[in-house]
1. If you build a Gaussian network model of the chain, linking Cα atoms that sit under 10 Å apart, which residue out of Tyr288, Tyr189, Tyr86 swings the most?
2. Whole Å is fine, so just give me how far the alpha carbon centre of the stretch 240-312 lies from that of the stretch 23-62.
3. With a cut-off of 8 Å between alpha carbons and a minimum separation of six or more residues, what is the relative contact order of the chain in percent?
4. Order of 177-186, 309-318, 160-169 by packing, highest average Cβ count within 10 Å first?
5. Which of the pairs Lys59/Lys212; Lys183/Lys329; Lys251/Lys329; Lys126/Lys212; Lys155/Lys251; Lys91/Lys294 have their Cα atoms more than 26 Å apart in this structure?
6. Can you tell me the FRET efficiency between Gln175 and Thr64 if r is taken as the Cβ-Cβ distance and R0 is 30 Å, rounded to the nearest 0.05?
7. Rounded, prolate or oblate, given the Cα gyration tensor of the stretch 254-325, with a/c below 1.5 counting as rounded?
8. Please figure out what share of the DSSP beta bridges in the chain is antiparallel and state it in percent, rounded to the nearest 5.
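Computed from the coordinates by the stated procedures, all read-outs in this text should not be read as laboratory data. The structure displayed is predicted, hence computed values, not measured ones. Reconstructed Cβ throughout: ideal geometry from the backbone, glycine too, with neighbour counts over all protein chains shown.
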Amino acid sequence: MNLPVENLYAKFGDPYRVVEFRAFSFNTCRAGCKNCFYQKTNNEFYDFQKCYDLAVDFKKNHYTLETFYILPTDIFENDFNYRVFYDEKFKSVAKLFNYIGVASTLRHGFDEKIFDYFFHEFPGLKIELHVNLLEEEIGKPDYVQFLSQTLTQIKTQYGDQILINLALNIGSQWQTGQLNQVKHLVSEYSQDKILELNFTFMFNDKISYAEKARLIESSYPVLEYFGREFQKTERRFNSRTLLRKPSITFKNDRIYLSPIIPFDEYIFMDEPDFQLSETNFDSFLTTYQKIEAKNIPQRQECQSCEHFEYCYGKGFFSIMNHYNLPCLKVCGGKNGN
Ligand code: SF4
C-alpha cells in the first residue's frame, strides 16, 4: 500500500517506521513520587477497539508496533488496574505489539502473579518495565541496594522477557553531582542504557500554560546533561522523527499525536491540532500535517543551525512556538530572541 503523502517520507529519507501507543487506563497510586503530576483518577480509557483499529492501520502501512504502554500510575499500586489485561479486546491489541509497557517504583516489590499470567496469556510478547526512580532516595546506599536486589531478582526470574529501563520525573533543579548519581544507576540498571524522562505535568490540565512553559524550560539542563552523557547509545540530536516514530496517546475519548523534544522525549500537547479526529492512519497523517503547519522556526538562529533538521523532523518548533521556549542548545538560558 502506498502512503497517501509519500512525499513526507521523501523529505525525511529512510522510511523506517515504528509506532508506540500509550493508553491512560490505570488509576490510583499512593507512592507520592516527587514531581509526579499525573492525574490519578478519572483515567477512563477502555475502548481498546480504537487501539486495535489504529494499530491494524499502522501495520498495513508497514509500521512496526513497538510498545503499547498502559499508564499513568504504578502498575503494582492496586490490583484493580489488572482488569485491563483480562479485557478480550485489549488482548487482541497487545498481541500486535512487541512489548507491553508499564511503570512502577517497585517500592512494594513486584507481583509475580500478574507477570506469570501475562507471559502465559501472551506467549512471545515482552514487558517493558519503566522503573521510576524515587528522587529523594537517589544516592542513598539502601536504595541502591534495594534496586540492585529487586532488579536482579526480576532478571533472574524472567530473563529477556522483561526489558528494564529507569525513568525519572522532570520538575526539579538538579545539581551535577545528583545527575552523576542518576547516570551511574542508569549505566548499572537500564538495559538500553537510557533514562526515560517523564514530563508528567503536561498531562495535567490543572497546571497552567505558564507553569508548563516554565517546567519544560527547567528540563533543559537535564536534557542537556543526559543528551551529552548518553551520546554513545542515544545521540542528543538523533534522526528519529515524528513521522518515523510517532507516539499515539489514548486519553479518555481522545487520541493525540505528540511532538518530540530532542533528544527523544515526547511532549504531550493537549491542544485540538494535536488530536486525531478519527481512528485511522489518514487521520494520523492529517494531524501530522497540522503539527507541521505549526512547526515553523520563529528564531533566527534556527535557520542556520546545524541541528535544524533534527528539531524540525521531531516537530519541536510546534512545542517551542506554543510555549515560547528558547533554543535547546542554550542550556537553561534565554537566547536573546
Ligand atoms: S537553534 Fe536551537 S531550536 Fe533552533 S534548530 Fe538549532 S538546536 Fe533547534
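1. Ranking Tyr288, Tyr189, Tyr86 by mean-square fluctuation puts Tyr86 first.
2. Cα centroid to Cα centroid, the span is 18 Å.
3. So the answer I get is 17 percent.
4. 309-318, 160-169, 177-186
5. Numbers: Lys59/Lys212 34 Å; Lys183/Lys329 21 Å; Lys251/Lys329 32 Å; Lys126/Lys212 34 Å; Lys155/Lys251 32 Å; Lys91/Lys294 37 Å.
The pairs that break the limit, which is 26 Å between Cα atoms, are Lys59/Lys212; Lys251/Lys329; Lys126/Lys212; Lys155/Lys251; Lys91/Lys294.
6. 0.15
7. Working: a/c = 2.11, a/b = 2.00, b/c = 1.05.
Since a/c reaches 1.5 and a/b is larger than b/c, the shape of the stretch 254-325 is classed as prolate.
8. Antiparallel bridges: around 20 percent, rounded to the nearest 5.
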